[in-house]
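First up is the structure itself, then whatever we jot down about it.
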Amino acid sequence: MTDAYAQNRTLVLLRHAKAEPNGDQPDVDRPLTARGRADAAAAGAWLAHHGLLPDVVICSSARRTRETWHGVAMGMTGAPPEGGSAGPAPDVHYADDAYEAHPADLLALVRRVEPTARTVLLIAHNPGVSQLSILLDSEQADRDPQRTGQAVVHRTTAEWAGLGRRDTVITAEHTARG
């Protein structure tokens, strides 16, 4: 393994899966739809198939993002994130700061990740998650906002603590439904 390869890091930006429309409950408490649960599991299976199992998960504390993580974990491993999965479990952080966050706030959460982590999964909301993707790879400035359940894979050689504008390259994307 070369030194350059050893320095590669992967940041997967995932917009939460399809949620129920606003109703009587507060926005933060909206659950996923049946389609959203299926799309989250499909995203997890895609991540596993591509070897993108996270060392660290940063997840908004909103219900729909927590349910998205649960579905992703099930899709990756066939087991719920609470345990019983094959292989090591990621370090999961539920972050109130990721709800309705600006891209700079989301980037600040990523910058706190331990330097030993190689793959980080950030599950958050639009417009922040889409804007962070553009900030990190400005070659993608004309791209459409991320759809629900869409994962965008960013590769970088930068340390998490120093990650900034134009420090990544988008190498893959997954959308469960067209």
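Would you confirm, using the coordinates I've provided, whether VAL152 is in a helix (DSSP H, G or I) and open to solvent by less than 50 Å² (accessible area, probe 1.4 Å)?
Taking the combined requirement at face value, the residue does not satisfy it.
Determine whether ARG111 is open to solvent by 50 Å² or more (accessible area, probe 1.4 Å) and within 17 Å of LEU47 (Cβ to Cβ).
No.
So which of GLY44, GLY23, GLY51 is within 23 Å of ALA172 (Cα to Cα) and not in a helix (DSSP H, G or I)?
Step by step, each of GLY44, GLY23, GLY51 is checked, and only GLY51 is within 23 Å of ALA172 (Cα to Cα) and not in a helix (DSSP H, G or I).
Hey, does the stretch 57-77 have a residue that's part of a loop (DSSP other than H, G, I, E, B) and surrounded by 20 or more Cβ atoms within 10 Å (Cβ to Cβ)?
Checked against the condition, which is being part of a loop (DSSP other than H, G, I, E, B) and surrounded by 20 or more Cβ atoms within 10 Å (Cβ to Cβ), the stretch 57-77 yields at least one hit.
Please determine, by comparing only the residues of the stretch 155-170 that are touching a residue at least 60 places away in the same chain (Cβ under 8 Å) and of a type in the set (Val, Ile, Thr), which one is most open to solvent (accessible area, probe 1.4 Å).
Checking each candidate, the answer is THR157.
Please work out which residue is nearest to LEU52 (Cα to Cα), limiting yourself to the stretch 114-139 and to residues that are out of contact with any Lys or Arg (no Cβ under 9 Å at 6 or more places or on another chain) and open to solvent by less than 40 Å² (accessible area, probe 1.4 Å).
LEU121
Scan the stretch 23-52 residue by residue and report those that are surrounded by fewer than 16 Cβ atoms within 10 Å (Cβ to Cβ), charged (D, E, K, R) and more than 21 Å from MET76 (Cβ to Cβ).
Once the filter is applied, which keeps residues that are surrounded by fewer than 16 Cβ atoms within 10 Å (Cβ to Cβ), charged (D, E, K, R) and more than 21 Å from MET76 (Cβ to Cβ), the stretch 23-52 yields ASP24, ASP27, ASP29.
The values are calculated or read from the model by the stated rules, or taken from the named source; none is laboratory data. Fair warning: this is a prediction, and the values are worked out from it, not measured in the lab. Cβ: placed from backbone, ideal geometry, glycine included. Neighbour counts: every protein chain shown. For accessibility, only protein heavy atoms count, side chains too; no ligands or nucleic acids. Shrake-Rupley method; radii C 1.70, N 1.55, O 1.52, S 1.80 Å.
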